[in-house]
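The values are calculated or read from the model by the stated rules, or taken from the named source; none is laboratory data. Everything numeric in this text was worked out from a predicted model, so none of it was measured. Glycine also receives a Cβ, built like all others from the backbone with ideal geometry; neighbour counts cover every protein chain displayed. Please note that ligands, DNA and RNA were not included when accessible areas were found on the heavy atoms of the full protein model with its side chains. Shrake-Rupley method; radii C 1.70, N 1.55, O 1.52, S 1.80 Å.
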Amino acid sequence: MKTKIKELRKANKLSQEELAKAVGTTRQTITSIEVGKYIASLPLAYKIAHYFGLQIEDVFDFSEFLDL
């Protein structure tokens, strides 16, 4: 799944570790989400989006799961 997490982190001058601590997960999880090896759970996706003051769909691209 594509995300804007890396871009948002860099724009806010945050390390993966800092974001991970802020949303209650590990740096490895943030890394895996950023490279598309892991899909964040809904609660984690919400925490990440909320941390940046955004809606989930502004951070995560769900289009590959839509049957349009």
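General remarks:
- The residues of the stretch 1-16 that are in a helix (DSSP H, G or I) and surrounded by fewer than 18 Cβ atoms within 10 Å (Cβ to Cβ), listed by number, are K6, E7, K10, A11.
- Unmet requirement for E34, which otherwise passes all of (1) among the charged types (D, E, K, R); (2) open to solvent by less than 90 Å² (accessible area, probe 1.4 Å); (3) out of contact with any strand residue (DSSP E or B) (no Cβ under 8 Å at 6 or more places or on another chain): (3)
- Scanning the stretch 37-48 for residues that are surrounded by 14 or more Cβ atoms within 10 Å (Cβ to Cβ) and free of Cβ contacts under 8 Å to residues at least 12 places away in the same chain turns up Y38, Y46.
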